[in-house]
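Presented below is the structure to which this report refers.
Laboratory data are not the source of any read-out in this text; all were calculated from the coordinates shown. All values derive from a computational prediction rather than experimental measurement. Note that each Cβ is placed from the backbone with ideal geometry, even for glycine, and that neighbours are counted across all protein chains shown.
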Amino acid sequence: MDLTTSPLPSAAPLKVAVILGSNREGRFGPVVADWFLARAAGHPGIETELIDVAETEPPAAPTARAVPHLARADAFVVLTPEYNHSYPAPLKSLIDRHFAEWQAKPVAFVSYGGVSGGLRAVEHLRQVFAELHAVSVRDTVSFHNAGALFDDRGRHRDPAQADGAAKRMLDQLVWWGRALRDARNRHPYGS
């Protein structure tokens, strides 16, 4: 089912903040981010903006830099590795330093890691975002044994399945993003 083809009251592009959730030295996240941003660029009705926790979280920079980016977003995609069966501390810090910016907005997940592909991190994040009154999108993109899936230039070796998963997830994100944006415009959340 293609959720982007139904008539929608709001045709303005959906502003999607893509959050790169790791700041570790030698991190694999930028490879996944580049792959995902290329997929999102080909999806109709989406404008993306990358927020890298390595640039927004101490000691790199004040977290206040993230506020306008998060506030103007209609939706979020969180790119997360799995560290010790959960998600990274800098991502938790970014999430916890904000509240209203997440409310009544959809969040989708792209995860990567070893055998589990980061899915345990995603399950923890779903609980956190539910507490912040965000809506998590059901479908995800996950890369199991991620390092082996991409070549030295950051290209996915066999992208068909991952590309299909990204399209399904983005279709859902656009549907939820437009529906929730229209609802917030008609009746601000929490009022």
Starting from the amide H of Tyr112, placed 1.01 Å from N in the peptide plane, find each other amide H under 5 Å away whose residue is 5 or more places distant or on another chain. Thr80, Glu82, Phe143
Tell me, what ³J(HN,Hα) does each residue in segment 110-118 have, in order and in whole Hz, if you take phi through Karplus 6.51 cos²θ - 1.76 cosθ + 1.60 with θ = phi - 60° and put x for Gly and Pro? 10, 10, 8, x, x, 4, 7, x, x
The chain: relative contact order as a whole-number percent, Cα under 8 Å and 6+ apart: 24 percent
What ³J(HN,Hα) values, in whole Hz, does the Karplus curve 6.51 cos²θ - 1.76 cosθ + 1.60 give for segment 34-49 when θ = phi - 60°, with x put for Gly and Pro? 4, 4, 5, 4, 5, 5, 5, 4, x, 8, x, x, 10, 10, 9, 9
Mean ellipticity per residue at 222 nm, deg cm²/dmol - from DSSP H runs of n ≥ 4 across the chain, formula -39500 (n - 2.57): -12000 deg cm²/dmol
Could you work out how far apart the two model spin labels at His124 and Ala100 are, taking each label as a point 7 Å from the Cα in the direction of the beta carbon, and quote it in nm? 2.9 nm
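For the chain, give the magnitude of the charge dipole about the Cα centre (Cβ charges: +1 Lys/Arg, -1 Asp/Glu; no others), in debye to the nearest 20. It would help to have the intermediate numbers written out before the result.
Numbers: 21 positive and 21 negative charges, 71 e Å.
The calculation lands at about 340 debye.
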Specify the residue with the greatest mean-square fluctuation among Arg27, Arg126, Arg153, computed from a Gaussian network of the chain linking alpha-carbon atoms under 10 Å apart. Arg153
Compare Arg157, Arg72, Arg178 in a GNM of the chain, Cα atoms joined below 10 Å, and give the one with the largest fluctuation. Arg157
Expressed as a whole number of Å, what is the distance separating the alpha-carbon centroids of segment 162-191 and segment 95-142? 14 Å
Dimensions of segment 131-191 along principal axes (Cα, Å, largest first)? 50, 22, 19
Residue among His43, Ala166, Ala183 farthest towards the positive dipole end of the chain, charges placed on Cβ: Ala183
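Ratio to report: Rg/Rh of segment 85-191, with Cα atoms as the point set and Rh obtained by the Kirkwood method; give two decimals. Don't jump to the answer; show the numbers that get you there.
Working: Rg = 15.7 Å, Rh = 15.2 Å.
Across segment 85-191, the Cα-based Rg/Rh ratio is 1.03.
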The answer for Ser22, listing residues at least 5 apart or on another chain whose modeled amide H is closer than 5 Å to its amide H, is Val53
Once both label points are put 7 Å beyond Cα along the C-beta direction, the Asp152-His85 separation in nm becomes 3.8 nm
Any chance you could run the full-extension gain for Asp163 through Arg184? It's 0.36 nm times the residue separation minus the Cα-Cα distance, nm to one decimal. 4.5 nm
Sequence-distant lysines (8 or more away, or on other chains) whose Cα lies within less than 18 Å of Lys15: Lys105, Lys167
Of the candidate values (1) 32.0; (2) 10.6; (3) 36.9, the one computed for mean projected area of the Cα convex hull in nm² from this structure is (2)
GNM on the chain, Cα springs under 10 Å; top mean-square fluctuation among Pro68, Pro44, Pro81 goes to Pro68
